[in-house]
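*Asks:* Pasting a structure here, questions to come.
Nothing in this text is a laboratory measurement; each read-out follows from the coordinates by a stated rule. Just so it is clear, the structure is predicted and the values come from calculations on it, not from any experiment. Every residue, glycine among them, receives a Cβ derived from its backbone with ideal geometry; neighbour counts consider all protein chains shown.
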Amino acid sequence: MTEPLRIAMWSGPRNISTAMMRAWENRGDCAVSDEPLYAHYLAHTGSEHPGRDEVIAAGDSDWRSVTNAMVGPAPDEKPIWYQKQMSHHLLPHIDHGWIHKLTNVFLIRDPAAVVASYVKTRASVTPEDIGVMQQLQLFDEIAERAGVAPPVIDADDFLAAPEAHLRALCDQLGIAFTARMLAWPAGPRASDGVWAPYWYAAVLRSTGFEPSSPRVMQLDGERARVADFCRPAYESMRRHRLRTCGDERKQ
């Protein structure tokens, strides 16, 4: 049997990660997994996220079991398996050997925008909560081992030209692009995590990628310090982002 293409998309929270999962699932030839390490993360850290007990009860809190499954057969024997992975869920004690058996892609977003969105749901935020530092550590590890930087998608660049970026990414992954990735039916999916009612309101209403709108983000105090602390890591990865003729951000 031909091995599936297992795509691990490493992101932080409050990015376009769930919309991206919708795009891949809508292909028809792709299975998706929604934040498979979330239950372990909550059980191990004790973090009080919305729906915490539901997430732990519904998920697998054994990281070894989860990571073994991620390199196993794809659900429904699909030829492509999109794994929506949160970098902050990759706790320090979790072995990384399984990650190097996957095709890894990084989805990044300006940390100021992440923080501004994150605190709409939770009262406080730390650098560890938004995953940018963990992303960079994993990015550097993968790049060093492979001898080449893995693909990086900047969310704002992507939203300026979704089709161009998806075509470029599919080309880099060696698979065909399909226009089905650009639009999907509104509403929930069986593949959504049980945390969807707490975090996915906008995505549940969506039918495609919505253009990003110019915004002025005014962060102060600890929120501004978190964004500023994470910015160098974000910029380090952003230098490797996919570029297309549709990109509007040139710096």
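*Asks:* List the extent of the Cα atoms of the chain along each of their three principal axes, largest first, rounded to whole Å.
*Replies:* Here the spans come out as 55, 45, 40 Å, largest first.
*Asks:* With the crude spin-label approximation of a point 7 Å out along Cα→Cβ, what separation in nm comes out for ALA202 versus GLU128?
*Replies:* About 2.7 nm, to one decimal.
*Asks:* Under the Karplus relation 6.51 cos²θ - 1.76 cosθ + 1.60, θ = phi - 60°, what is the ordered set of whole-Hz ³J(HN,Hα) values for the stretch 195-212, x standing for Gly and Pro?
*Replies:* 7, 3, x, 8, 10, 9, 3, 5, 5, 5, 8, 6, 10, x, 6, 9, x, 6
*Asks:* Which GluC sites (Glu not before Pro) in the stretch 10-59 pass both tests, a DSSP loop state and at most 16 other beta-carbon atoms within 10 Å? Before the final figure, lay out the partial values.
*Replies:* Working: sites: GLU25, GLU48, GLU54; in loops: GLU48.
Passing sites in the stretch 10-59 are GLU48.
*Asks:* Multiply the residue gap between ASP156 and GLN137 by 0.36 nm, knock off their C-alpha separation, and tell me the result in nm, one decimal place.
*Replies:* Details: separation 19, 0.36 × 19 = 6.84 nm, distance 2.20 nm.
Separation in residues times 0.36 nm, less the Cα-Cα distance, equals 4.6 nm.
*Asks:* Along the stretch 68-84, what does the Karplus equation 6.51 cos²θ - 1.76 cosθ + 1.60 (θ = phi - 60°) give for ³J(HN,Hα), rounded to whole Hz, x for Gly and Pro?
*Replies:* Once θ is set to phi - 60°, the couplings for the stretch 68-84 become 4, 5, 5, 10, x, x, 6, x, 6, 6, 5, x, 10, 10, 8, 10, 7 Hz.
*Asks:* Moving on to the next point. For the stretch 86-216, what is the per residue volume of the convex hull drawn over the alpha-carbon atoms, in cubic angstrom?
*Replies:* Values: hull volume 19.6 nm³, N = 131.
Considering the Cα atoms of the stretch 86-216, their hull volume per residue is 150 Å³.
*Asks:* Here's something else I'd like to know. Ranked by Cβ crowding within 10 angstrom, fewest neighbours first, how are LYS101, LYS84 ordered? Intermediate results must be reported in sequence, preceding the final value.
*Replies:* Values: LYS101 13, LYS84 24.
Ascending number of Cβ neighbours within 10 Å: LYS101, LYS84.
*Asks:* So for the pair ALA57, ASP95, with labels modelled 7 Å out along Cα→Cβ, what separation do we get in nm?
*Replies:* Reported label-point gap for ALA57 and ASP95 is 3.2 nm.
*Asks:* If you don't mind, another one. Let me know the shape class of the stretch 44-110, please: from the alpha-carbon gyration tensor, a ≥ b ≥ c as square roots of the eigenvalues, rounded when a/c is under 1.5, otherwise prolate if a/b is greater than b/c, or oblate.
*Replies:* Cα axes put the stretch 44-110 in the prolate bin.
*Asks:* Roughly what would the spin-label model give for SER212 and ALA190, points 7 Å off Cα along C-beta, in nm?
*Replies:* 3.5
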